[in-house]
Amino acid sequence: MSAFFSKLKVTLALVACSASFVAMAQDKLVVGVDTAFVPFEFKQGDKYVGFDIDLWDAIAQKMDVSYELRPMDFGGLIPGLQSRNLDVAMAGITITDARKQAVDFSDGYYNADLLMAVKNGDNTITKFSDLAGKKVGLKQGTAAASFMKAKYKADYIEFPNIDNAYLDLQAGNLDAVVHDSPNVLYYVKIAGDGKVKSTGETDSILPQQYGFALQKNSSWTPKVDAALKALRADGTYNKLYVKWFDKQPK
């Protein structure tokens, strides 16, 4: 009898241990990230840095969860969540009704619009309606690309990586690049070399909010929202915003 209970005890211990390992495995989230969207996520040396990277790290600490970053093209993020290969995705992802049919979103954490980048000496493009007949670079698969193609007539060329569009602009192969405002402004300031400027600030054509995307009906969605709320309350969010954008959030 004692041998039986001894074996039962060992079996129960193994089951408990196994369950513990499963829980641990589930608590390490796989986070998909497009690392070509400065200043939100990009590679600096051998490290991934940016506003999204810092903010997500703070959220993960609040939730007491570990994670691994999985770099990929922007177009693979939503499918990665749908196939359950990713738990979370971040890349300045605009919250849209269409995307909400496929995935969950956290509360919005950044307000953006669209801007144009043009050559520094070009004064012919000051508003979005001036793009008619122009060669315009867009980032493939983005809300900006969908909106621009539906709203404004132009000769659009889509790029998997927006950095290549900026390079084509500087090389004279494009008349303009249209992308989310923080990325355009960061590129002009950091990498434009005085050859590129932003324009279109007077047009507010696609006000948008970024959110962290998660699997549909994910149990992590309310936890991410609670962590975001806590980070706003304790001042962490504001500190990170100032660090990356040199101004207070509106």
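Take each of the peptides 207-216, 122-131, average the number of other beta-carbon atoms within 10 Å over its residues, and list them starting from the highest. Please list the in-between numbers first.
Values: 207-216: 20.7, 122-131: 16.1.
Taking the mean over residues of other Cβ atoms within 10 Å, the ranking is 207-216, 122-131.
Ignoring any ligand, DNA or RNA, what whole percent of the accessible area of the chain comes from carbon and sulfur when the probe is 1.4 angstrom? Show your work: numbers first, answer last.
Values: 6700 of 12760 Å².
On the chain, the fraction of accessible area on carbon and sulfur atoms equals 53 percent.
In straight Cα distance, which aspartates and glutamates are under 17 Å from Lys243, not counting same-chain residues fewer than 8 positions off?
Glu41, Asp52, Asp54, Asp57, Asp234
Residue-wise, which Karplus ³J(HN,Hα) couplings in Hz belong to the stretch 106-116, taking 6.51 cos²θ - 1.76 cosθ + 1.60, θ = phi - 60°, and x for glycine or proline?
Values per residue, Gly and Pro as x: 5, 4, x, 10, 8, 9, 9, 9, 9, 9, 10 Hz.
Treating the beta-carbon of each Lys and Arg as +1 and of each Asp and Glu as -1, no other charges, what is the dipole magnitude of the chain about its Cα centre, to the nearest 20 debye?
Details: 29 positive and 29 negative charges, 90 e Å.
Around 440 debye, computed over the chain.
So, for the chain, what is the accessible surface per residue at a probe of 1.4 Å, expressed in square angstrom?
Using a 1.4 Å probe on heavy atoms only, each residue of the chain averages 51 Å².
Might you report the magnitude of the Cβ-based charge dipole of the stretch 112-158 about its Cα centre, with Lys and Arg at +1 and Asp and Glu at -1, to the nearest 20 debye?
Details: 8 positive and 5 negative charges, 18 e Å.
In total the dipole reaches around 80 debye.
Among the lysines, which fall within straight-line cross-link reach of Lys62, defined as a Cα-Cα distance under 18 Å, with same-chain neighbours fewer than 8 residues apart omitted?
Lys28, Lys223, Lys229, Lys239
Mean residue ellipticity at 222 nm from the helices of the chain, using -39,500 (n - 2.57) per DSSP H segment of n ≥ 4 over the full residue count, to the nearest 500 deg cm²/dmol?
Counting only the DSSP helices, I get -12000 deg cm²/dmol.
Restricting to the chain, what percent of DSSP beta bridges are antiparallel, rounded to 5?
Details: 21 of 37 bridges.
Beta bridges within the chain, antiparallel portion: roughly 55 percent.
Leaving out same-chain residues fewer than 8 places away, which lysines sit with a Cα under 29 Å from that of Lys149?
Those lysines meeting the cut-off are Lys100, Lys119, Lys127, Lys134, Lys135, Lys139, Lys189, Lys195, Lys197, Lys216.
Under 16 Å from a point 7 Å along the Cα-to-Cβ line of Gln140: which residues of the stretch 32-50 have their amide N that close?
The answer is 34-37, whose backbone nitrogens lie closer than 16 Å to the label point.
Once you put a point 7 Å from the Cα of Ser219 and another 7 Å from the Cα of Lys243, both along the Cβ direction, what distance in nm separates them?
Simple spin-label model gives 3.0 nm for this pair.
Can you list residues whose amide H is under 5 Å from Val196's amide H, if they're 5+ apart or on another chain and H is modeled 1.01 Å from N?
Asn120
The values are calculated or read from the model by the stated rules, or taken from the named source; none is laboratory data. On a predicted model such as this, the values are computed, not experimentally measured, just so you know. Cβ coordinates were reconstructed from backbone atoms using ideal geometry, including for glycine residues, and neighbour counts include every protein chain displayed. Just so you know, the surface numbers come from the protein's heavy atoms only, side chains and all, with ligands and any DNA or RNA stripped out. Shrake-Rupley method; radii C 1.70, N 1.55, O 1.52, S 1.80 Å.
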